[in-house]
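Data block below; observations after.
The values are calculated or read from the model by the stated rules, or taken from the named source; none is laboratory data. Not measured: the values here are computed from a predicted model. Counting neighbours? That spans all protein chains shown, and the Cβs are built from the backbone with ideal geometry, glycine included. Just so you know, the surface numbers come from the protein's heavy atoms only, side chains and all, with ligands and any DNA or RNA stripped out. Shrake-Rupley method; radii C 1.70, N 1.55, O 1.52, S 1.80 Å.
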Amino acid sequence: MSRKIGRIVAASLATLAVAATAGCVAGGGSGDGAGSSSTIELWTHAGGNEAELGVITTIVEDFNASQDEYTVEVTDFPQDAYNDAVVAAATAGDLPCIVDIDGPNVANWAWAGYIQPLGLPEETYDGQLPGTLGVIDDEVYAYGFFDVALAMFSRESTLNDAGVRIPTVDDPWTGDEFDEALAKIDGLGRYDQAVDFGTGGGGEWIPYAYSPLLQSFGGDLIDRSTFETADGALNGPEALEWAQWFRGLVDSGYMAQTSGEDATADFVNGTSGILYTGNWADATVRDAFDDAVVLPPPNFGDGPKIGAGSWQWGLTTGCDEVDGARAYLEFAHDTKYFVEYGEATGLIPATLDAAEEIPAFAEGGDSRIYLELANQFAVVRPETAAYPFISSVFQKATQDILSGGDPQAILDKAVSDIDRDIEQNGGYTF
Amino acid sequence: MTATEALVLPDVDTPDRATRSRPPARRRVGITVVRGALAVFFALPIVFMLISSLKPDLQIFADLGSWRALAPVGDVSLDNYTGVFDRVPFWQFLLNSVVISCATVVLGVLINSMAAFALSRLRWRGRGFVLTVILATLIVPFETLALPLLWWVNKLPALEADGFSLAFTQGWLNTYHVQIVPFIANAFSVYLFYQFFSSIPRELDEAARVDGAGWFTIYSRIVMPLSGPAIATVSILTFLPAWNSYLWPLMVIQSEELRPVMVGLQYFFQLNVSWGQVMAYSSLITVPVVALFIAFQRSFINSIASSGVKG
């Protein structure tokens with residue numbers, strides 16, 4: 001019996017070997033034949049996001065139809081899984097030619113050697129919001145089609161009943177006015193919290209949402225004059241004032257230490273009087289309330305600030321078809337596609353020309369305020385390869401502060417951790 | 001072989017219920033109440049998931065904190081399920097997970113039981129050391145192995161169908177087998193089988209040897225047929241992580257056609273999370289797991305009880 005099995009195995013292996021050898025011969029010539037186009041792989045985080053993926057597909061189809069030298073193929077990943085997939089692919093040396101990148105990661109990916117400068121003509125980026133460009137050492141590594149803006153949402157009836165003036169982009173609340181507004185809204189007795197800053201959120205939400213508040217107080221995540229230390233920026237008197245104020249909102253009962261999983265849903269359900277979130281919540285809030293108002297963030301001394309830098313497109317270093325990839329990226333940088341993105345996603349178009357073509361973002365449009373916020377108050381997260389580490393340290397520090405730890409000690413520890421990381425990585429120089 | 005037919009393992013035998021003394025009525029009621037309370041406690045998250053899958057997003061949050069969260073009241077519909085099927089290739093994800101999980105289970109039971117049989121029944125020098133080494137791998141978390149494993153599988157040769165011929169290629173990325181092969185050999189499964197096989201009387205081996213049986217016959221026709229509870233336990237304990245795997249497929253699979261259900265769940269976490277669809281999708285992918293557990297429940301409990309392994 002065993003001899004028979006052995007013969008079968010041997011025969012199978014021999015057949016397999018012959019077939020494989022034949023395949024090797026055939027496979028050697030199975031590359032792109034004469035006249036066929038070269039394939040350019042493109043990866044996006046837009047899996048599951050029909051609107052965004054639809055626009056990407058449109059651009060790719062238009063590009064593929066516009067010429068016959070290159071064929072762009074789209075692979076989409078779900079957003080939360082995307083970064084890990086790219087890092088894994090980079091480890092395996094299996095990156096595609098074109099990737100999209102979350103804005104704050106551009107510097108790190110450039111430093112890690114995943115992406116290279118786009119190399120497109122300078123005039124390509126004329127009229128583009130600064131926060132939608134990934135610029136490192138004066139070179140553009142990535143550009144985006146849209147941005148998002150942080151804002152505060154409330155109801156006109158709530159503010160009027162509380163006797164609070166409605167702030168505008170030109171005349172935002174001061175820090176004192178904001179605190180007073182919270183006290184008055186709390187005094188109405190209608191809401192569990194006067195304001196919901198989304199403290200139940202984690203990950204990148206924390207630096208994206210709360211570092212602009214820190215910057216408005218005069219602090220920052222790092223000293224941007226050198227990008228070599230956080231000392232003085234993240235643990236100076238301004239940063240301490242921010243930390244004490246933020247924790248004070250919890251102590252005074254104006255804000256939950258940990259809010260609900262979905263702050264927008266809670267706001268719409270009447271849990272909070274003011275919602276601090278991104279403009280992606282606009283449609284949900286406006287659908288729920290006829291008297292919804294969009295408010296700029298307060299000015300705590302250094303002017304109102306919001307985060308900037310959403311998803312952008314970059315070119316990988318291992319790309320075999322750099323010319324084709326550049327041709328695609330230049331083709332895609334067309335106002336009509338910025339308009340399509342803006343209309344499909346409701347997010348802020350990255351160029352002023354595109355904004356004028358979208359009624360909601362044009363002068364007088366309902367969403368115009370987001371463009372103004374992005375244009376006037378946006379601060380990109382530090383353009384340094386150290387940013388992912390800074391982000392993780394700031395996330396922990398913020399959560400410790402909200403939990404009631406000693407703010408100065410927490411901030412000093414954060415600075416020490418960040419400085420040590422920068423030093424250990426040789427200053428993250430390219 | 002007939003000598004083995006009437007034998008029953010003492011360790012897995014169910015005691016005769018009639019011979020047990022029944023506890024007093026008051027105690028029985030108390031036990032039932034405690035059991036009922038525990039059952040409700042553990043069922044609540046699943047009930048919440050199922051009920052929430054029928055509600056719009058805003059209502060899910062509005063109902064939180066009241067009994068309504070656990071009742072199908074308000075604007076109840078199957079819209080979230082429709083949304084799930086519109087948004088992701090659910091059946092493809094499900095099929096992928098079924099293929100990957102079932103293949104891992106079948107091959108895992110086969111390979112690990114063979115290894116355990118060799119360690120438990122055969123006499124060879126160094127088997128104690130080998131068993132120790134196998135068990136030592138239990139303390140190494142998968143996360144620490146993920147990157148080296150990724151590098152390794154990307155270097156392995158593979159055969160790829162190219163029309164009617166086969167071609168040698170390098171790398172296993174973007175395949176079914178890269179999601180299966182690394183998880184077939186499992187130290188915990190070997191240990192479970194080893195424990196169980198050790199409780200089977202060796203006299204059975206000797207009787208079979210007298211009848212002229214070889215080791216493979218003893219393994220396949222005597223030991224394995226008596227190891228139902230161990231097979232059920234290993235099947236479930238292999239199936240669950242295979243079904244729930246997320247990190248590994250995320251690293252090795254780029255094509256949507258090969259993604260399993262857990263990676264599919266991430267499609268619903270966008271800037272505006274559709275919690276109703278998250279609940280609907282979660283409900284859909286939970287059903288096979290619950291069905292599997294119910295199917296093997298008795299054997300699973302028997303094996304856990306007899307091997308002294310607590311989850």
Give me the net charge of A:Ala46's neighbourhood, meaning all other residues with Cβ under 10 Å from the Cβ of A:Ala46; Lys, Arg count +1, Asp, Glu -1.
-4
Which net charge results when you count Lys and Arg as +1 and Asp and Glu as -1 among the other residues whose beta-carbon is under 12 Å from that of A:Leu249?
-3
Looking only at the stretch A:250-281, which residues have a backbone nitrogen under 19 Å from a spot 7 Å from the Cα of A:Ser157 in the C-beta direction?
A:265-275
Between rounded, prolate and oblate, where does the stretch A:306-373 land on the alpha carbon gyration tensor, with a ≥ b ≥ c its root eigenvalues, rounded for a/c under 1.5, else prolate if a/b exceeds b/c?
prolate
Could you quote the convex hull projected area for the stretch B:88-307, Cα atoms only and averaged over all directions, in nm²?
16.1 nm²
Segment B:Val181-B:Glu206, length gained on full extension (0.36 nm per residue, minus Cα span)
5.5 nm
Stokes-Einstein, Kirkwood over Cα pairs, the stretch B:75-154, 25 °C, 0.890 mPa s; D in µm²/s equals 144 µm²/s
Placing +1 on each Lys and Arg Cβ and -1 on each Asp and Glu Cβ in the protein assembly as shown, then taking the dipole about the Cα centre, the residue among A:Ala386, B:Trp215, A:Pro304 whose Cα reaches farthest towards the positive end is B:Trp215
Give the Kirkwood hydrodynamic radius (Å, one decimal) of the protein assembly as shown, defined as one over the mean of 1/r across all pairs of different Cα atoms.
30.0 Å
Which positions within the stretch B:35-70 get 50 Å² or more of their accessible surface covered by the other protein chains, compared to the chain by itself, with a 1.4 angstrom probe?
B:Leu58, B:Phe61
For the pair A:Asp323 and A:Arg190, what calculated FRET efficiency results from E = 1/(1 + (r/R0)^6), where r is the Cβ-Cβ distance and R0 = 60 Å, to the nearest 0.05?
0.45
Assuming R0 = 60 Å, can you tell me the calculated FRET efficiency for the pair A:Ala183 and B:Ala37, based on Cβ-Cβ distance, to the nearest 0.05?
0.85
Mind giving me the nanometre distance, one decimal, between the label points for B:Arg27 and B:Val106, set 7 Å out from Cα along Cα→Cβ?
4.8 nm
Checked against the positive end of the charge dipole of the protein assembly as shown (+1 on Cβ of Lys and Arg, -1 on Cβ of Asp and Glu, about the Cα centre), the farthest of B:Leu284, B:Ser199, A:Asn108 is B:Ser199
Rounded to a whole number, what % of the accessible area of chain B do carbon and sulfur atoms account for, probe 1.4 Å?
67 percent
Just to compare against my own numbers: the Cα pair-distance distribution for the stretch A:78-117, 5 Å bins, whole % per bin, please.
6, 22, 37, 28, 7, 0
Given charges at Cβ of Lys, Arg, Asp, Glu: the protein assembly as shown dipole, positive-most of A:Thr58, A:Ser416, B:Val88
B:Val88
Enter the mean projected area of the convex hull around the alpha-carbon atoms of the stretch A:210-255, in nm², rounded to one decimal.
3.1 nm²
Rank-order A:42-49, B:144-151 by packing density, defined as the average count of other C-beta atoms within 10 Å over each peptide's residues, highest first.
A:42-49, B:144-151
Under 13 Å from B:Lys55, Cα to Cα: aspartates and glutamates that are on another chain or at least 8 residues apart
B:Asp63, B:Asp75, B:Asp79
If you wrap the stretch A:111-241's Cα atoms in a convex hull and average its projection over all directions, what's the area in nm²?
11.4 nm²
Tally the DSSP beta bridges in chain A and give the antiparallel ones as a percent, rounded to 5.
60 percent
Note the angle between two axes, namely the Cα long axis of helix A:322-332 and the longest principal axis of the Cα atoms of chain A, as a number of degrees from 0 to 90, rounded to the nearest 10.
40 degrees
The aspartates and glutamates whose Cα lies under 14 Å from the Cα of A:Lys413, excluding any fewer than 8 residues away in the same chain, are A:Asp231, A:Asp400, A:Asp421
If amide hydrogens are placed 1.01 Å from N in the peptide plane, which non-local residues have theirs closer than 5 Å to the one on A:Asn299?
A:Trp173, A:Thr174, A:Gly175
Taking the solvent-accessible surface of protein heavy atoms with a 1.4 Å probe, what is the per residue accessible area of the stretch B:88-307 in Å²?
47 Å²
Give me P(r) over the stretch B:22-77, computed from all C-alpha to C-alpha distances, binned every 5 Å, as integer percentages.
4, 19, 21, 14, 10, 9, 9, 7, 4, 2, 0
If you take each beta carbon of peptide B:238-251 and count the beta carbons of other chains within 10 angstrom, what is the mean?
2
Scoring only Lys, Arg, Asp and Glu (+1, +1, -1, -1) among other residues with Cβ under 12 Å from the Cβ of A:Gly404 yields -2
Residues of the stretch A:208-319: accessible area per residue at 1.4 Å, in Å²?
31 Å²
Could you work out the relative contact order of chain A? I mean the mean sequence separation of Cα pairs under 8 Å and 6+ apart, divided by the number of residues, in percent.
25 percent
Can you tell me the 0 to 90 degree angle between the C-alpha axis of helix A:387-402 and the longest principal axis of chain A, rounded to 10?
40 degrees
Would you work out the charge dipole size for chain A about its Cα centre, treating the Cβ of every Lys and Arg as +1 and the Cβ of every Asp and Glu as -1, and quote it to the nearest 20 debye?
1800 debye
Using a 1.4 Å probe and counting only protein heavy atoms, how much accessible surface gets buried when B and A come together, both sides summed, in Å² to the nearest 100?
2900 Å²
For the stretch A:241-254, what does the Karplus curve 6.51 cos²θ - 1.76 cosθ + 1.60, with θ = phi - 60°, yield as ³J(HN,Hα) per residue in whole Hz, taken in order and with x for Gly and Pro?
4, 4, 4, 5, 5, 5, 5, x, 4, 6, 4, 7, x, 7
Return an integer: the convex hull volume of the alpha-carbon atoms of chain A, in Å³ per residue.
199 Å³
In whole percent, how big is the carbon plus sulfur part of the accessible area of chain A, probe 1.4 Å, protein atoms only?
46 percent
Whole-number percent relative contact order across chain B, with pairs defined as alpha carbons under 8 Å at least 6 apart
29 percent
